[in-house]
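Engineer: Structure in structure tokens, see below.
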Amino acid sequence: MPPARPLVVTSDADLLEDLLRIAATAAVEVEVAPDAGAARRSWAGAPAVVVGPDAALGCGRLRLPRRPGVVLLGDDLDDAGIWQLAVEVGAEHVVFLPDAQAWLMELLAEAVEPSSTSGRVLAVVGGRGGAGATTLAAALAVTAARQGRRTMLVDGDPLGGGIDLVFGGEGDHGLRWPELGATRGRLPGATLTGALPRMNELSVLSWDRGQAMSVPVEAMESVLDAGRRSSDVVVVDLPRQTDACSRTALQVASLVLLVVPAEVRAAAAASRVAAQLAPACADLRLVVRGPAPSGLGADEVAEALGLPLAGYVRGEPGLDLALDRGEPPAGRGRGPLSVLCERVLDEVLPPVRGAA
Ligand SMILES: Nc1ncnc2c1ncn2[C@@H]1O[C@H](COP(=O)(O)OP(=O)(O)OP(=O)(O)O)[C@@H](O)[C@H]1O
Ligand SMILES: [Mg+2]
């Protein structure tokens, strides 16, 4: 089934041109009906309806059913008759161009991709260098996709070398951060998802092999916002050093996982990182990674850091080799990382749609 399109009802060529331009700016495809009769078929099912003043009377006369989300475009602010037409057509709003351009853009974008159905953001940070944060972020995303969730993986670490390498996807075509650096404001989620490379059934926003650059806060905001509208889960791999951009991701994340190897010095380093993260996080939990050379327990690390333990994951034999070959972690759905990821996802995300 193709997604339902907002319906535009008018045969006024100038008005239609304006509306199509507004829809194109919002990257929304609309269905156009020249009059009430032609609009009848899609009237009830369209996610929004914009009626021109030329067609409003006809819509009222044909007694098209009352429905929410009908907007009447007025052409004359001083014409009291427009309000009468609004009653007849059952319009929720009467708006005038050009003043209402931005409002209409938002209405059309919201109609096809409501913010209210937002997915969750999960962020992962390493407690020290090489802790296993990128690996866990990739494993969470791979597991979420395998569970049937629409998943986006965002590499938020400009010095990480590119998370596409974890998937052996460095040659895959599609958008990467340098092309998105100038992004501001509302970005249609479906457009972003469609433009990103797909790896292991998920959308990956990574770096290219060019010069390192930082991500502007506005670009991170736009990407996460778009990702949440088009995905059930957005996993973000963040650098250890908190800056304005990573704080943006921390603040929207419903869960932040701090990965700490089960070593004394790693725990000491992680307590510094945790102190930076905590003020920005709604829910900060620890993942302790083995092996523990001196037998340091995950509970002891959690207690020392004063953070709840999301889980312990023992070191996965052969993982370093697999990563070097571009085989993503948890790809086969077995092993300690897979088990941990499934448990964490099931705990913090709503059940998968359509699952028994
Ligand atoms: N669960 C694991 N089991 C075994 N080895 C692991 C595991 N997680 C990570 N590693 C090893 O640690 C290395 C570093 O992992 P990773 O790149 O995920 O860490 P990081 O915290 O993202 O590092 P950075 O500080 O560079 O961002 C991996 O190449 C792999 O060899
Ligand atoms: Mg990393």
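Engineer: Which number in (1) within 16 Å of ligand 1 (Cβ to nearest atom); (2) part of a strand (DSSP E or B); (3) of a type in the set (Val, Ile, Thr) marks the one condition that Val234 misses?
Structural biologist: Of (1) within 16 Å of ligand 1 (Cβ to nearest atom); (2) part of a strand (DSSP E or B); (3) of a type in the set (Val, Ile, Thr), only one is false for Val234: (1).
Engineer: Val256: in contact with a Phe, Trp or Tyr (Cβ under 6 Å, 6 or more places away or on another chain) and under 24 Å from Ile163 (Cα atoms), yes or no?
Structural biologist: Numbers: in contact with a Phe, Trp or Tyr (Cβ under 6 Å, 6 or more places away or on another chain): no; under 24 Å from Ile163 (Cα atoms): yes.
Against the criterion (in contact with a Phe, Trp or Tyr (Cβ under 6 Å, 6 or more places away or on another chain) and under 24 Å from Ile163 (Cα atoms)), Val256 does not qualify.
Engineer: Within segment 198-216, identify whether any single residue is in contact (Cβ under 8 Å) with a residue 60 or more places away in the chain and either under 20 Å from Ala310 (Cβ atoms) or part of a helix (DSSP H, G or I) (or both), and answer yes or no.
Structural biologist: Within segment 198-216 (the criterion being in contact (Cβ under 8 Å) with a residue 60 or more places away in the chain and either under 20 Å from Ala310 (Cβ atoms) or part of a helix (DSSP H, G or I) (or both)), the answer is no, since none of the residues qualifies.
Engineer: In segment 328-349, how many are out of contact with any Gly (no Cβ under 7 Å at 6 or more places or on another chain) and either within 14 Å of ligand 1 (Cβ to nearest atom) or over 18 Å from Val259 (Cβ atoms) (or both)? I'd like the intermediate steps shown before the answer.
Structural biologist: Taking segment 328-349 and keeping what is out of contact with any Gly (no Cβ under 7 Å at 6 or more places or on another chain), we get 328-339, 341-342, 345-349.
Keeping just the survivors that are either within 14 Å of ligand 1 (Cβ to nearest atom) or over 18 Å from Val259 (Cβ atoms) (or both) gives 328-339, 341, 346, 349.
Counting residues in segment 328-349 that are out of contact with any Gly (no Cβ under 7 Å at 6 or more places or on another chain) and either within 14 Å of ligand 1 (Cβ to nearest atom) or over 18 Å from Val259 (Cβ atoms) (or both) gives 15.
Engineer: Could you check segment 260-291 and list, in sequence order, the residues that are in a strand (DSSP E or B) and either outside the structural domain of Val233 (by TED's automatic domain parsing) or over 18 Å from Val234 (Cβ atoms) (or both)?
Structural biologist: Answer for segment 260-291, where residues must be in a strand (DSSP E or B) and either outside the structural domain of Val233 (by TED's automatic domain parsing) or over 18 Å from Val234 (Cβ atoms) (or both): Val260, Pro261, Leu286, Val287, Val288, Arg289.
Engineer: Can you find a residue in segment 174-187 that is among the acidic types (Asp, Glu) and modelled with pLDDT of 95 or more?
Structural biologist: Step one: list which residues in segment 174-187 are among the acidic types (Asp, Glu), which gives 179.
Pick out the ones that are also modelled with pLDDT of 95 or more and you get none.
There is no residue in segment 174-187 that is among the acidic types (Asp, Glu) and modelled with pLDDT of 95 or more.
Engineer: From the list Val352, Val273, Val252, which residue is within 11 Å of ligand 1 (Cβ to nearest atom) and within 30 Å of Ser118 (Cα to Cα)?
Structural biologist: Working: Val352 fails: within 11 Å of ligand 1 (Cβ to nearest atom); Val252 fails: within 11 Å of ligand 1 (Cβ to nearest atom).
Only one candidate passes the filter, namely Val273.
Engineer: Need at least 1 residues that are within 16 Å of ligand 1 (Cβ to nearest atom) and either surrounded by fewer than 21 Cβ atoms within 10 Å (Cβ to Cβ) or not acidic (Asp, Glu) (or both) per element, so show me which helices (runs of 4 or more DSSP H) inside segment 50-157 make the cut, counting only ones lying wholly within it.
Structural biologist: The qualifying helices (runs of 4 or more DSSP H) are 133-146.
Engineer: What's the number of the condition Gly194 fails, among (1) in contact (Cβ under 8 Å) with a residue 24 or more places away in the chain; (2) under 15 Å from the mean Cα position of the chain (by Cα)?
Structural biologist: In the conditions (1) in contact (Cβ under 8 Å) with a residue 24 or more places away in the chain; (2) under 15 Å from the mean Cα position of the chain (by Cα), Gly194 misses (1) alone.
Engineer: Same structure again: Given the residues Val89, Val112, Val95, which is the only one that is touching a residue at least 40 places away in the same chain (Cβ under 8 Å) and on the phi < 0 side of the Ramachandran plot? Explain how you work it out, then say what you get.
Structural biologist: Details: Val89 fails: touching a residue at least 40 places away in the same chain (Cβ under 8 Å); Val95 fails: touching a residue at least 40 places away in the same chain (Cβ under 8 Å).
Only one candidate qualifies: Val112.
Engineer: Go through (1) in contact (Cβ under 8 Å) with a residue 12 or more places away in the chain; (2) farther than 21 Å from Gln241 by Cα; (3) within 14 Å of ligand 1 (Cβ to nearest atom) for Gly297 and report which single condition fails.
Structural biologist: Exception for Gly297: condition (3).
Engineer: Right, another one. Keeping to segment 238-279, report how many residues are crowded, with 16+ Cβ neighbours inside 10 Å, closer than 22 Å to Met152 by Cα and aliphatic (A, V, I, L, M).
Structural biologist: Going through segment 238-279 one residue at a time, the tally reaches 10.
Engineer: So Arg289 passes all but one of these: (1) at pLDDT below 95; (2) within 16 Å of ligand 2 (Cβ to nearest atom); (3) among the charged types (D, E, K, R). Which condition number does it fail?
Structural biologist: (1)
Engineer: Looking at segment 122-143, I want the residues that are under 14 Å from Val273 (Cα atoms) and more than 8 Å from ligand 2 (Cβ to nearest atom) and have a partner that is β-branched (Val, Ile, Thr) and not in a strand (DSSP E or B) with Cβ atoms under 7 Å, at least 6 apart or on another chain. Which pairs are those?
Structural biologist: Val125/Val273; Gly127/Val273
The values are calculated or read from the model by the stated rules, or taken from the named source; none is laboratory data. All values reported here derive from a predicted model rather than from experimental measurement. So basically every Cβ, Gly included, is an ideal-geometry build from the backbone, and we count neighbours across all protein chains shown.
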